[in-house]
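Quick notes on the structure that follows.
The values are calculated or read from the model by the stated rules, or taken from the named source; none is laboratory data. Please read all numbers here as calculations on a predicted model, not as lab measurements. FYI the Cβ positions are ideal-geometry reconstructions off the backbone, even for glycines, and counts take in every protein chain you see.
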Amino acid sequence: MNALSPPSTDASPRADDTREPAAPGGERRTELLLIAFATGLVTLALVLVEAGQEHELTMQIVYLGLAHLGLFGVAHLAVRRWTPYADPLILPCVALLNGLGLVLIHRVDLANAGTTYLDGSTWDPAAPRQVVWTALALVLFAVVLKFIPDHRPLARYAYTFGFAGLFLLALPGVLPSSISEVNGAKIWIRFGPLGSIQPGEFAKIALMIFFAAFLVSKKELFTTAGRHVLGVDLPRGRDLGPLFAAVTVCLGIMIVQKDLGSSLLIFGIVLMLLYVATERGIWVGLGLTLFSAGAVVAWRFFPHVQIRVANWTDPFADPNDTGYQMVQSMFSLSSGGLFGTGLGGGRPDLLPESNTDFITAVIGEELGLVGLTATLLLYGLFAMRGLRGALAVRDTFGKLLGGGLAFALCFQVFIVVGGVTKLIPATGITAPFLSKGGSSLLANYILVALLLRISNAARSPQAPSRPRVQQPAIADQATVMVQRPS
């Protein structure tokens, strides 16, 4: 045994032991309890909905409640298995938002039950399909957690994600209108009775990965290289070209497809990532200037933009046609007041798209300003916990990607609620986790899985490194006399 090293004992840990500490089971138990609490609130809300409609309480309440608990219980197990150190509040926030959406969609189903349309069709209940889409989304959620054990390798495929995002955006535009156009916007792909998907929801995440990785690799060039113009160091054209080309193509595709909400969303995400990466407010000013100029051009040359702006400025100019939806939304919010009419006490059947684009108007009517504010605070809590993980993670790509994912959801909520409350023109995008729709659920659960992966990397303890063996200096070596052989 080396005399310089102390003997090892079983009572003390070895210095070169690289095993990670055990997972924090307390946080996962807290997560499970919050999910159970969310399920209890959802089940109570379902009871109030049916009671408010003077319906007999049916077994569907039990089925929906058990489905919610079972699905998110499995999601909790996936988080416990593959991201044991992730933030314990993110998944419960999503469970409560998703459950509230299920309650509201069931509420709209009850309000429209038995409705017959001019073509002879009747109202098709959407709540059971929403449960199926939630199950599929949580399966995809678990797949992402399992097969993406680390977020950092995603940066290696930045341009692949960029091209994939552009392809998904452009695909509905080149398909026939019979399978891609809904309400004048060519953003869907319909599969007949099997349903439809919106590729742009997935393109949003792919493009965020591209923009985050690109800005990390070109960060120094945005602040040092290029020309100095009006006090600003501009990057070289060849360095800035891919970013501007991607943004221009995104906005061009979506303007042609009449999807103004997604174009605004992606533009805002890119602007936020650019500001965070460079820490220069000049990019925000330049971006807002370009956006304002583009908005004026779009209003001047595109009739559908002119209709949206007209409905925003004065919806009562045509309250029975183009302004009908906005007028009904304003009536719903005004009738809700401070505390609402109560679950089951409103008239969502008078509001078009009440379970998709304008589902927050239903919240404002039946839960009032208090309920709508609580919902927005829940979104804010989700975004705050996501940003907290992004700030704590150690790599720059993870910081940008996590910040972009959290900001994307928060900004999308602003666009949705701003359109419903007439703060900005209505854009037609859906509220995350609340609105009916499979594509939105699938894409947003990928977003949640990536945020949990980044949060797990930020909160997991670092394994202790092996101590380096210090070799004694040459000056401290003992002198050895060597006798030369004769």
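In the range 286-368, counting only helices (runs of 4 or more DSSP H) that sit wholly within it, the ones holding 3 or more residues that are out of contact with any Gly (no Cβ under 8 Å at 6 or more places or on another chain) span 303-313, 324-336. Just to be sure before I move on: is A277 farther than 24 Å from W188 by Cβ, touching a residue at least 40 places away in the same chain (Cβ under 8 Å) and among the aliphatic types (A, V, I, L, M) in the structure I sent? So A277 fits the description; yes. Select from the range 56-75 the residues that are more than 29 Å from S460 (Cβ to Cβ) and among the β-branched types (V, I, T) and write down the one among them that is modelled with the lowest pLDDT. This residue is T58. Tell me which of these Y324 doesn't satisfy, since it passes every other one: (1) of a type in the set (S, T, Y); (2) within 28 Å of the chain's Cα centre (by Cα); (3) closer than 22 Å to T115 by Cβ; (4) surrounded by fewer than 19 Cβ atoms within 10 Å (Cβ to Cβ). Result: Y324 passes all but (2).
With respect to the conditions (1) at pLDDT 80 or above; (2) under 26 Å from F407 (Cβ atoms); (3) touching a helix residue (DSSP H, G or I) at 6+ places or on another chain (Cβ under 8 Å), A310 falls short on a single one, namely (2). For the range 28-58, the set of residues classified as in contact (Cβ under 8 Å) with a residue 12 or more places away in the chain, surrounded by fewer than 17 Cβ atoms within 10 Å (Cβ to Cβ) and within 20 Å of L77 (Cα to Cα) consists of T30, A36, F37, listed by residue number.
One residue alone among F407, F358, F397, F382 is of a type in the set (F, W, Y) and touching a Lys or Arg at 6+ places or on another chain (Cβ under 9 Å), and that residue is F397. Which members of the range 351-390 meet the condition of being hydrophobic (A, V, I, L, M, F, W, C), in contact (Cβ under 8 Å) with a residue 60 or more places away in the chain and either closer than 29 Å to Q325 by Cα or out of contact with any Leu (no Cβ under 8 Å at 6 or more places or on another chain) (or both)? F358, I359, V362, I363, L378 - these are the residues of the range 351-390 that are hydrophobic (A, V, I, L, M, F, W, C), in contact (Cβ under 8 Å) with a residue 60 or more places away in the chain and either closer than 29 Å to Q325 by Cα or out of contact with any Leu (no Cβ under 8 Å at 6 or more places or on another chain) (or both). Would you say E365 is under 29 Å from L57 (Cβ atoms), of a type outside the set (A, V, I, L, M) and crowded, with 23+ Cβ neighbours inside 10 Å? It is true that E365 is under 29 Å from L57 (Cβ atoms), of a type outside the set (A, V, I, L, M) and crowded, with 23+ Cβ neighbours inside 10 Å.
Only a single criterion out of (1) more than 29 Å from E366 (Cβ to Cβ); (2) modelled with pLDDT under 95 is not satisfied by A78, namely (2). Do we find a residue being loosely packed, with under 14 Cβ neighbours inside 10 Å and touching a strand residue (DSSP E or B) at 6+ places or on another chain (Cβ under 7 Å) anywhere in the range 165-186? Yes, there is a match, as at least one residue in the range 165-186 is loosely packed, with under 14 Cβ neighbours inside 10 Å and touching a strand residue (DSSP E or B) at 6+ places or on another chain (Cβ under 7 Å). Counting the residues of the range 64-95 that are of a type outside the set (G, A, S) and not in a helix (DSSP H, G or I) gives 6.
Scanning the range 27-63 for residues that are among the polar types (S, T, N, Q) and outside any loop (DSSP other than H, G, I, E, B) returns T30, T39, T43, Q60. When restricted to residues that are in a loop (DSSP other than H, G, I, E, B) and either over 20 Å from the mean Cα position of the chain (by Cα) or hydroxyl-bearing (S, T, Y) (or both), the range 247-275 contains 2. Hey, any hits in the range 150-166 for a residue that's in a helix (DSSP H, G or I), touching a Gly at 6+ places or on another chain (Cβ under 7 Å) and among the aromatic types (F, W, Y)? There is no residue in the range 150-166 that is in a helix (DSSP H, G or I), touching a Gly at 6+ places or on another chain (Cβ under 7 Å) and among the aromatic types (F, W, Y).
Screening the range 61-85 for residues that are among the aliphatic types (A, V, I, L, M) and free of Cβ contacts under 8 Å to residues at least 24 places away in the same chain and picking the one that is nearest to F141 (Cα to Cα) gives L77. Candidates are the residues of the range 136-188 that are of a type in the set (V, I, T) and at pLDDT 90 or above; the one that is farthest from I446 (Cα to Cα) is T160. Checked against (1) surrounded by fewer than 21 Cβ atoms within 10 Å (Cβ to Cβ); (2) more than 30 Å from F147 (Cβ to Cβ), A127 passes all but a single condition, namely (1). Filter the range 291-318 for residues that are touching a residue at least 60 places away in the same chain (Cβ under 8 Å) and surrounded by 15 or more Cβ atoms within 10 Å (Cβ to Cβ); which is farthest from the chain's Cα centre (by Cα)? The residue in question is P315.
Taking every residue in the range 417-440 that is closer than 17 Å to G368 by Cα and pairing it with any residue that is in a loop (DSSP other than H, G, I, E, B), at least 6 positions away or on another chain, the pairs with Cβ-Cβ distances below 6 Å are G418/I424; V420/F358.
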